[in-house]
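The block underneath contains the structure these notes are about, expressed in structure tokens.
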Amino acid sequence: MIANKDGGVSSRAAGLFTQRSGSSASLSHDPLSEAVDSTSRWLIDGQNSDGYWVGELEGDTILESEYVLLMAFIGRGAEEICVKACRYLRDLQLPGGGWAIYPGGPPDISASVKAYFALKIVGVPVNDPAMVRARECILEAGGAQGCNSFTRFYLALLGQIDYSDCPSVPPEMMLVPSRLGFSLAAMSAWTRTIVVPLSIMSAFKPVRRLAPGQGIAELFRTDLPLHPARRTKKLVSWTNLFLGLDRVFKWADDHLPRSWRQPGIRAAHRWMLEHFENSDGLGAIFPPMIYTVVALHCLGYEADSAEVQWAHRQLDDLLIEEDGKVRVQPCVSPVWDTAIAAIALADAKVPDYHPALLRAGRWLLEKEVRVAGDWQVRRPGVEPSGWHFQFHNERYPDIDDTAMVLLALQRTALAKTPEVKAATARGVNWLLSMQNRDGGWAAFDVDIDNEVLTKVPFADHNAMLDPSCADITARILECLGTLGYRDDHPAVARALNYLWKTQEPQGCWYGRWGVNYIYGTWQVLQGLKALDYPMDHPALQKAADWLESVQQADGGWGESCQSYDDPSWMGRGEPTASQTAWAVLGLVSAGRGRGEAASRGTAYLQATQREDGTWDEGPYTGTGFPRVFYLKYHLYRIYFPLMAMSRYQAAAGRVPVPVTTPGAQASRIPALPEPFAV
């Protein structure tokens, strides 16, 4: 078990801020500079000795619930670790009885059913007031039959419904040629890692019968159908076709010899084992890691086998135990966190040869992916490169991380070394090869945009596809612009056309990977600024106008996850440090760094900064799957405000005059540290 929690771990930063902007001494009495220095110290103190940063990554309660349900399946539901996870669950129950998928959100039926089920497994009595409230909330929302497909598999796994009430996930999809639009290769990277082990589970249909009193029959409404109809009124539709195929697979399961499924099961088994290599778990994300344990059980692996033990270790590494409670991370984010932290420190005028930036650069350089991955199915012959999100996930370098890492490497003194130059060339070549046909970029793959796949019965996780999005496209443009590309390059021109087509009428851009329109709009403005694009372009000034229009009375910005469901929440929500930082960064990029809105936003960050240089932040500002799963990156509230204050300071001409402080010369950093090795 590891605890990727926030906080300083050393005093390495002591005395390191006596040198800013190349001056010989510098702790200034300017309040903004003091705020910048305080956060910079905190970040450097929190750097791991290997060179990386990693903050806690927080999701909603489905993580703890599903962990307990898995433990119940393998006969370990009564263990203390499950009790501790359920203590954490109880803390997050809404006053009305349910559980939300983001702070301040409404109760979610699937999250609430799983949380109730987990609490019952560890022995919380049904007459406990928390259980009574939960049960009433769930029944009022339509009962457990209203759960999504993936929740239904957990209910079937523990004997609460039959597998006939779950969508079929046929392992035979493994046999569909990758060139076809219905193949595994046509699905998003994360969906692939989920459905392959799930297809094994769907074929074997394992069930663990629970002890009397642990079931949740009381959550099903008898006045409603067990499986709500999904057929469309239109007789001929893709939805109805896939529902018909679902019935065919279920009929075949009931009437044909089991041997008919063996080719598909063998292919899924082989694929799964291959993808274990050099990974922090299958896909290095929580859902497939859970299904991996179940799939290995179905395939006959013993509990003490190397494969099963490996799968459990990867899950254990996502657990954080604190104050008698356990919470579960959906994955870890060291590459992402390290790249952004390094950029923020460089913005804060930490010298490029500072030990913290050199350590970060060397660590990031070692994480370059140099082996083939799933992406090569659609881009054969391209030299492998790119960076992933986690510590190890070599099959899945992602486009956003790759751009952010390349940006970070250019901000260190390693940028001109042969090793970084070669890695940058490979990374840029890989990024350019991953551009979609519409001119944009997605997260992991190319042209994963077949909308028909969103109609399959198990597609209700809203993540079957990986289409282009404005925020990643703009990040690639920022990276390319930083490296000298301009709008006359064909790839850049196509990307710009994509961005103009996707701008909202209000002037903002949708944020796929951060909440939401504030995130997307900031990144577009920052990306085009890096290209030296004329920032007085009417579309970009309209975007800056929109940012200013949603600034709140206290100077901050905030946007709720609810904006993904209801556009009237666009740019509205509780102010946060990270979203305020994004807005300030966007305005600075738009040429409004000396304006009142940017000044008020920066003042908000200063006013809400804690004494240790950090900020409090309750709302989730990261996006996993819009409308389904949201995230709280615990370092977003640190490095993005640092980046914003520093860039505002430079844009507003408020770089401080150095002031000599005691001990400045004793802590002087050598201009060319030795050895200068990568």
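Points to keep in mind about this one:
- Output for region 122-144, where each listed residue is in contact with a Gly (Cβ under 9 Å, 6 or more places away or on another chain), of a type in the set (Val, Ile, Thr) and either assigned to a loop (DSSP other than H, G, I, E, B) or surrounded by 14 or more Cβ atoms within 10 Å (Cβ to Cβ) (or both): Val122, Val126, Ile138
- Evaluation of Ser646 against the conditions (1) polar (S, T, N, Q); (2) within 28 Å of Ser110 (Cα to Cα); (3) buried (at least 24 other Cβ atoms within 10 Å of the Cβ); (4) more than 22 Å from the chain's Cα centre (by Cα) shows that the sole unmet condition is (2).
- With respect to the stated conditions, Asp545 fails to be modelled with pLDDT of 95 or more, surrounded by fewer than 22 Cβ atoms within 10 Å (Cβ to Cβ) and more than 24 Å from Thr576 (Cα to Cα).
- Residue within region 279-288 that is under 16 Å from Glu394 (Cα atoms), in contact with a Lys or Arg (Cβ under 9 Å, 6 or more places away or on another chain) and surrounded by fewer than 16 Cβ atoms within 10 Å (Cβ to Cβ) present: no
- The helices (runs of 4 or more DSSP H) falling completely within region 525-636 that include 2 or more residues that are closer than 22 Å to Ile476 by Cβ and in contact (Cβ under 8 Å) with a residue 40 or more places away in the chain map to 538-549, 577-589.
- Among the residues of region 316-371, those identified as in a helix (DSSP H, G or I) and not hydrophobic (A, V, I, L, M, F, W, C) are Asp316, Pro334, Asp337, Thr338, Asp347, Pro355, Arg359, Gly361, Arg362, Glu366.
- Taken over region 149-193, the residue count meeting the criterion of being among the β-branched types (Val, Ile, Thr) and not in a helix (DSSP H, G or I) is 3.
- Against the test of being more than 29 Å from the chain's Cα centre (by Cα) and not polar (S, T, N, Q), the options Leu180, Leu155, Leu139 yield a single qualifying residue, Leu139.
- Filtering region 472-498 to residues that are surrounded by 19 or more Cβ atoms within 10 Å (Cβ to Cβ) and in contact (Cβ under 8 Å) with a residue 60 or more places away in the chain leaves Ile472, Arg475, Ile476, Glu478, Cys479, Ala495, Tyr498.
- Across region 383-431, the qualifying residues are those that are among the aliphatic types (A, V, I, L, M) and assigned to a loop (DSSP other than H, G, I, E, B), and the one among them that is surrounded by the most Cβ atoms within 10 Å (Cβ to Cβ) is Leu414.
- Matching residues, region 402-456, being under 22 Å from the mean Cα position of the chain (by Cα) and among the acidic types (Asp, Glu): Asp445, Asp447, Asp449
- Flag for Ala295 being in the same structural domain as Gly373 (by TED's automatic domain parsing), over 21 Å from Ile399 (Cβ atoms) and not hydroxyl-bearing (Ser, Thr, Tyr): no
- Qualifying residue in region 36-55 (condition: at pLDDT 95 or above and either touching a strand residue (DSSP E or B) at 6+ places or on another chain (Cβ under 8 Å) or part of a strand (DSSP E or B) (or both)): yes
- Here the condition is being at pLDDT 95 or above, surrounded by fewer than 23 Cβ atoms within 10 Å (Cβ to Cβ) and aliphatic (A, V, I, L, M); of Ala664, Ala671, Ala603, Ala581, it holds for Ala603 alone.
- Filtered by the rule that a residue be among the hydroxyl-bearing types (Ser, Thr, Tyr) and closer than 26 Å to Trp375 by Cβ, region 148-178 gives a lone residue, Ser178.
- Residue match in region 506-517 (condition: over 23 Å from the mean Cα position of the chain (by Cα), in a loop (DSSP other than H, G, I, E, B) and in contact (Cβ under 8 Å) with a residue 24 or more places away in the chain): yes
- Qualifying residue in region 374-381 (condition: closer than 30 Å to Ile62 by Cα, within 23 Å of the chain's Cα centre (by Cα) and in the same structural domain as Lys632 (by TED's automatic domain parsing)): yes
The values are calculated or read from the model by the stated rules, or taken from the named source; none is laboratory data. Quick caveat, the model's predicted, so the values are computed rather than measured. Note that each Cβ is placed from the backbone with ideal geometry, even for glycine, and that neighbours are counted across all protein chains shown.
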